[in-house]
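Reading through the structure tokens given below for one structure.
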Amino acid sequence: MNIAIVGGGNMGTLMAAEFAHQGHNIKIYSRRPNDWSDTIEVYDRDDKLLFYSSNIMICSELDKAVRGVDMICITTPASTFDEFAKRLEPLVNEGQTLFVVPGSGGAEFAFYNLIQKGMILLGMQRVHSISRLKSYGQSVYMLGRKEELHIGTIPAYAVDRYKEIVENLFSIKTDTLPNYLNVTLTPSNPILHTARLYALFHAQPRDYEYADNPLFYEEWDDESSEVLLNFNDELMQICDKLPLDVSGVISLRIYYESDSIESMTAKIRNMEELKGLGSPMCKSGNGWKVDWNSRYFTADFPFGLKILIDIAKLFDVETPEMNKVWKWYLGTGTIESVFEMPVDKEQFIEFYK
């Protein structure tokens, strides 16, 4: 296949290397074309070289990257979706695939006009692997690959044709979902990251200088688990009220096999693929300050948690925990853009059929 990847960060780099390694023709759109090597190397956690890929074209112009390709992969944060939707609209054609990775963040609304042009929107519930750049444009770590992927599409009837495609791209067993709403409502980063960030930082003012940067997952605590489980339960209440098949949305209590605060804390602390990851903070003087520009904030709050709150409002579901944490984030005064539900209840239901 001819595949364009928008974004040269962690996930974009890994996907480019994997797809090229399988013989696909890959082009990456990057604002830093001169920083790319002719070869991308992929390493495991122990710095062992797994494989390398070459013959990847780096494009500094979006039109050169996406015109005429079979699939366009969006790997940039949800806060960029509106920008890329406008830029892509005159460049894409009916029949092309828009693969948003992983697939949440309001992609179906941001790229609505592209779907109307005949593009197929494809998304996964979760990324296929944890990825971390080793050296920008040159090497990347592949950590903790999933054993199974779950995909959804708009229109929903198109999903079956992508099962084999996604399986071949990632060499991972892939199952189909009833509709794309099962992607949107997956209890992943929009509640996982936001629960942890609230627990870490809500007790101190915005510019507070912390003594250290806590490990995001390895030092996960019971307060983070309590907020997360409350989020999860409110999300499942939303699912219960929807007149659509959301059977693919699995509670974190089941997914992580952790039904209590203490067991959830132990589970997350001991996830091997997430070890060593710090919190979104920047060095400051003798300590650390919160990096409010991190995608953990700019994507997962205004284009993650906020979407769940808006869906809950459409179906008259109360979400006190989500509302509390959203109110805290608004109070930081760092928000630049935010998702606003563009449809009413009836239009929402029709959209996912």
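Of the residues Leu49, Leu14, only one is surrounded by fewer than 15 Cβ atoms within 10 Å (Cβ to Cβ) and hydrophobic (A, V, I, L, M, F, W, C); which?
Leu49
Which condition from (1) closer than 29 Å to Leu228 by Cα; (2) surrounded by fewer than 22 Cβ atoms within 10 Å (Cβ to Cβ); (3) among the hydrophobic types (A, V, I, L, M, F, W, C); (4) touching a helix residue (DSSP H, G or I) at 6+ places or on another chain (Cβ under 7 Å) is the one that Ala110 breaks?
(2)
Residues are listed down the side, and each one gets a yes or a no for (1) touching a Leu at 6+ places or on another chain (Cβ under 9 Å); (2) under 24 Å from Gly103 (Cβ atoms); (3) modelled with pLDDT under 95:
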| residue | (1), (2), (3) |
| --- | --- |
| Asp233 | no, yes, no |
| Gly248 | yes, yes, no |
| Ser260 | yes, no, no |
| Trp292 | no, no, no |
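Only one of Ile26, Ile58, Ile72, Ile3 is of a type outside the set (Ser, Thr, Tyr), surrounded by 16 or more Cβ atoms within 10 Å (Cβ to Cβ), under 19 Å from the mean Cα position of the chain (by Cα) and part of a strand (DSSP E or B); which?
Result of the check over Ile26, Ile58, Ile72, Ile3: Ile72.
For the subset of segment 262-290 comprising residues that are modelled with pLDDT of 95 or more and part of a helix (DSSP H, G or I), which member is nearest to Ala211 (Cα to Cα)?
This residue is Arg269.
Yes/no matrix, rows are residues, columns are (1) crowded, with 19+ Cβ neighbours inside 10 Å; (2) touching a helix residue (DSSP H, G or I) at 6+ places or on another chain (Cβ under 6 Å); (3) under 20 Å from Thr80 (Cα atoms):
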{"position": "Ser284", "(1), (2), (3)": "no, no, no"}
{"position": "Gly287", "(1), (2), (3)": "no, no, no"}
{"position": "Ser294", "(1), (2), (3)": "no, no, yes"}
{"position": "Gly304", "(1), (2), (3)": "yes, yes, yes"}
{"position": "Glu318", "(1), (2), (3)": "no, no, no"}
{"position": "Glu350", "(1), (2), (3)": "no, no, no"}
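Of everything in segment 108-149, what is outside any helix (DSSP H, G or I) and among the charged types (D, E, K, R)? Give them in sequence order.
Lys117, Arg126, Arg132, Lys134, Arg145, Lys146, Glu147, Glu148
Just one of the numbered conditions (1) surrounded by fewer than 19 Cβ atoms within 10 Å (Cβ to Cβ); (2) in contact (Cβ under 8 Å) with a residue 24 or more places away in the chain; (3) of a type in the set (Asp, Glu); (4) within 19 Å of Leu244 (Cα to Cα) is not true of Asp160; which one?
(2)
Looking at the structure I just gave you, is Pro243 part of a loop (DSSP other than H, G, I, E, B) and modelled with pLDDT of 95 or more?
yes
Test of understanding: among Ala211, Ala195, Ala203, which residue is outside the structural domain of Gln96 (by TED's automatic domain parsing), among the aliphatic types (A, V, I, L, M) and farther than 25 Å from Ile309 by Cβ?
Ala211
Within segment 88-106, which residues are free of Cβ contacts under 8 Å to residues at least 60 places away in the same chain and closer than 18 Å to Ala78 by Cα?
Scanning segment 88-106 gives Leu88, Glu89, Leu98, Phe99, Val100.
The values are calculated or read from the model by the stated rules, or taken from the named source; none is laboratory data. All values derive from a computational prediction rather than experimental measurement. Counting neighbours? That spans all protein chains shown, and the Cβs are built from the backbone with ideal geometry, glycine included.
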